[in-house]
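Take a look at the structure below.
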Amino acid sequence: MWAELLPVGRSASTGGYRRHAWNSADAECRAWFEEQARARGLAFETDRNGNQWAWLGDPAAGDAVVTGSHLDSVPDGGAYDGPLGVVSSFAALDELRSRGAEFTRPLAIVNFGDEEGARFGVACVGSRLATGVLDRDAAYALRDADGVRLPDAMERAGHDPALIGADPELLGRIGAFVELHVEQGRHLDEGQPVGVAGAIWPHGRWRFDFHGEANHAGTTRLVDRRDPMLTYATTVLAARKKARLAGALATFGKVAVEPNGTNAIASLVRGWLDSRAADERTLRELVDAIEQSAVERGERDGVRVELVRESYTPVVDFDGPLRDRLAGLLGAPVLPTGAGHDAGILASAVPTAMLFVRNPSGVSHSPAEHAEQADCHAGVTALADVLEDLACRPS
């Protein structure tokens, strides 16, 4: 399975992956998922929001145990973030069948769509739509860098966008959701290869618009300039400093410039801030401080600053009894994480837990992302043990 997925959407120049929502590489991944489901005799379906499901047992029976992750990537992302969870889910089912396990609850494997938000700017679109965290109108307003609307991209890929929206009927089928994921950090650097997630830091994405005045780079005196690039650059530095002092994280990882000419002073700079902290108050105060710094510098530069919050996820504490049950079953440590996941979105609606597989590099969202094969196998065994405990024995 891993070998089949590795070449899909991979850039020959960078070695990274460009599996963005509803593009051709994403379509190949989705076709692969359907093939894996049907090869195992599982009932395949696509829900109203484009998420893919492979069912063992009667979905309508309810109280299903669900596992899975996502197959899309960030721009030039690594091979493991998302796909490891999906591949491991199919492999864990194979392992349970080889054990002769008898299922007492329905089991499903899911591929959530557009988890990374690389194309339309909002993370976890598939799970946010299903839970109602992202409503239909907001989803319809999403556009990619080329101006293509989300519903149009879905329609071109063969999915009816008129269907999208909250799906309480689907969520009502789920009794527990367990997502396996490569660790995005190095808490498991020494010791055991598999850990259990305790909580996800609150996090969000904010767009800073710096409005200046376009002018000639070769003829405009420095004192006459209203240069938004200067305000943006100062804000980036301020964000780093304020995050360090707060014990939090702040990253400007995306920028767009107009008119984007080498010999032109920009009229507009848009910078996207990703910020995360251990608690919601610290995060709120950090973003407020970054905004204040941007506005104050903008006043000096003759630049108007606007701030738009594009997405936000509050702190997620995974289901305590389920988390403790898994940690006890596996003898695994409980870890914090600053990364968002579909599991974090679903946690508001169903009992949810996560398993992490050791990443010796600590690198993620990069072609250097890695997990050793032995650790991946340990992850499959751990997931199989969890699914057997949850779905093959009476609660």
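Filter region 295-318 down to the residues that are modelled with pLDDT under 95 and of a type in the set (A, V, I, L, M) and list them by number. Answer for region 295-318, where residues must be modelled with pLDDT under 95 and of a type in the set (A, V, I, L, M): Val315, Val316. Scanning region 287-338 for residues that are crowded, with 18+ Cβ neighbours inside 10 Å, under 17 Å from the mean Cα position of the chain (by Cα) and part of a strand (DSSP E or B) returns Ser311, Thr313, Val316, Thr337. Of the residues making up region 124-133, just one is open to solvent by 20 Å² or more (accessible area, probe 1.4 Å) and either out of contact with any helix residue (DSSP H, G or I) (no Cβ under 8 Å at 6 or more places or on another chain) or on the phi > 0 side of the Ramachandran plot (or both), namely Gly132. Could you please find all residues in region 1-18 being within 24 Å of Val380 (Cα to Cα) and under 17 Å from the mean Cα position of the chain (by Cα)? Answer for region 1-18, where residues must be within 24 Å of Val380 (Cα to Cα) and under 17 Å from the mean Cα position of the chain (by Cα): just Tyr17. Taken as a whole, the condition of being polar (S, T, N, Q) and within 21 Å of Glu306 (Cα to Cα) does not apply to Thr220.
Scanning region 348-365 for residues that are over 17 Å from the mean Cα position of the chain (by Cα), over 21 Å from Ala332 (Cβ atoms) and not aliphatic (A, V, I, L, M) yields no hits at all.
Checked against the criterion of being touching a strand residue (DSSP E or B) at 6+ places or on another chain (Cβ under 6 Å), without any contact (Cβ under 8 Å) to a residue 60 or more places away in the chain and surrounded by fewer than 21 Cβ atoms within 10 Å (Cβ to Cβ), region 134-143 contains one or more residues that satisfy it.
Restricting attention to region 344-363, the residues that are among the small types (Gly, Ala, Ser), open to solvent by less than 30 Å² (accessible area, probe 1.4 Å) and more than 21 Å from Ser127 (Cα to Cα) total 1.
Taken together, Ala37, Ala27 contain a single residue that is at pLDDT 95 or above and either surrounded by fewer than 20 Cβ atoms within 10 Å (Cβ to Cβ) or not in a helix (DSSP H, G or I) (or both), which is Ala27.
Among the conditions (1) buried (at least 20 other Cβ atoms within 10 Å of the Cβ); (2) more than 24 Å from the chain's Cα centre (by Cα); (3) more than 23 Å from Gly204 (Cβ to Cβ), the only one that Met229 does not satisfy is (1).
Does region 154-174 contain any residue that is modelled with pLDDT of 95 or more, crowded, with 19+ Cβ neighbours inside 10 Å, charged (D, E, K, R) and under 26 Å from Pro75 (Cβ atoms)? So far as region 154-174 goes, no, none of its residues is modelled with pLDDT of 95 or more, crowded, with 19+ Cβ neighbours inside 10 Å, charged (D, E, K, R) and under 26 Å from Pro75 (Cβ atoms).
If only residues of region 70-103 that are touching a residue at least 24 places away in the same chain (Cβ under 8 Å) and among the charged types (D, E, K, R) are counted, the one that is nearest to Trp2 (Cα to Cα) is Asp81. Might you check whether a residue that is surrounded by fewer than 19 Cβ atoms within 10 Å (Cβ to Cβ), farther than 24 Å from Leu163 by Cα and either modelled with pLDDT of 95 or more or not hydrophobic (A, V, I, L, M, F, W, C) (or both) occurs anywhere in region 60-71? Yes: region 60-71 contains one or more residues that are surrounded by fewer than 19 Cβ atoms within 10 Å (Cβ to Cβ), farther than 24 Å from Leu163 by Cα and either modelled with pLDDT of 95 or more or not hydrophobic (A, V, I, L, M, F, W, C) (or both). Hey, can you tell me all the residues within region 377-394 that are surrounded by fewer than 21 Cβ atoms within 10 Å (Cβ to Cβ) and touching a residue at least 24 places away in the same chain (Cβ under 8 Å)? Within region 377-394, Ala378, Thr381, Asp385, Glu388, Asp389, Cys392, Arg393, Pro394 qualify.
Screening region 154-218 for strands (runs of 3 or more DSSP E) wholly inside it with 2 or more residues that are under 27 Å from Cys392 (Cα atoms) and among the hydrophobic types (A, V, I, L, M, F, W, C) returns the ranges 174-182, 194-200. Among the residues making up region 146-171, those that are in contact (Cβ under 8 Å) with a residue 24 or more places away in the chain and under 18 Å from Ala25 (Cβ atoms) are Leu150, Ala153, Met154, Arg156, Ala157, His159.
If you check Thr251 against the conditions, is it among the hydroxyl-bearing types (Ser, Thr, Tyr) and open to solvent by less than 50 Å² (accessible area, probe 1.4 Å)? Here the answer is no, as Thr251 does not meet what is asked.
Could you please find all residues in region 1-24 being hydrophobic (A, V, I, L, M, F, W, C), assigned to a helix (DSSP H, G or I) and within 25 Å of Gly117 (Cβ to Cβ)? Listed by number, the residues that qualify are Trp2, Leu5. Of the residues making up region 76-121, those that are part of a loop (DSSP other than H, G, I, E, B) and open to solvent by 20 Å² or more (accessible area, probe 1.4 Å) are Asp76, Tyr80, Gly100, Ala101, Glu102, Phe103, Thr104, Arg105, Ala118, Arg119. Across region 40-56, the qualifying residues are those that are open to solvent by 50 Å² or more (accessible area, probe 1.4 Å) and part of a loop (DSSP other than H, G, I, E, B), and the one among them that is nearest to Ser88 (Cα to Cα) is Gly41. When we screen His370, His341 for residues that are touching a residue at least 40 places away in the same chain (Cβ under 8 Å), open to solvent by less than 10 Å² (accessible area, probe 1.4 Å) and not acidic (Asp, Glu), the only hit is His341.
The values are calculated or read from the model by the stated rules, or taken from the named source; none is laboratory data. The structure presented is a predicted model; accordingly, all values stated were derived computationally and were not measured. For neighbour counting, all protein chains shown are included, and Cβ atoms are generated from backbone atoms with ideal geometry for every residue, glycine included. Areas reflect the complete protein model, heavy atoms only, side chains present, ligands, DNA and RNA absent. Shrake-Rupley method; radii C 1.70, N 1.55, O 1.52, S 1.80 Å.
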